[in-house]
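The values are calculated or read from the model by the stated rules, or taken from the named source; none is laboratory data. The shown structure was predicted, so the numbers you read here are calculated from the model rather than taken from an experiment. For neighbour counting, all protein chains shown are included, and Cβ atoms are generated from backbone atoms with ideal geometry for every residue, glycine included.
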Amino acid sequence: MIIVDDLIATGGTTEAIVRLIEQLGGEVKKICFVIELAGLKGRERLAGYDIESVIAYDGK
């Protein structure tokens with residue numbers, strides 16, 4: 001399964017989505033975002049998953 005979302009900030013919403021998919025027996029292959037607020041370190045919360053973002057903004 002590939003998750004596509006508009007924004008990653010702290011990663012909490014995406015983490016919940018990943019857990020739900022995995023509880024239902026699915027496997028997350030990749031997570032894609034349009035915008036990443038890198039200063040909020042959401043990528044760290046999703047460590048171990050293949051993550052890509054189109055635009056990365058260093059601030060919060």
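General remarks:
- Thr10 being modelled with pLDDT of 95 or more, of a type in the set (S, T, N, Q) and surrounded by 15 or more Cβ atoms within 10 Å (Cβ to Cβ): no
- Qualifying residue in region 13-30 (condition: touching a helix residue (DSSP H, G or I) at 6+ places or on another chain (Cβ under 6 Å) and not β-branched (Val, Ile, Thr)): yes
- Among residues of region 13-51, those that are on the phi < 0 side of the Ramachandran plot and exposed (fewer than 12 other Cβ atoms within 10 Å of the Cβ), counted: 11
- Only residues that are more than 20 Å from Met1 (Cβ to Cβ) and touching a Lys or Arg at 6+ places or on another chain (Cβ under 9 Å) were counted in region 12-35, giving 0.
- Of all positions in region 36-56, at least one carries a residue that is modelled with pLDDT of 95 or more, of a type in the set (Ser, Thr, Tyr) and in a strand (DSSP E or B).
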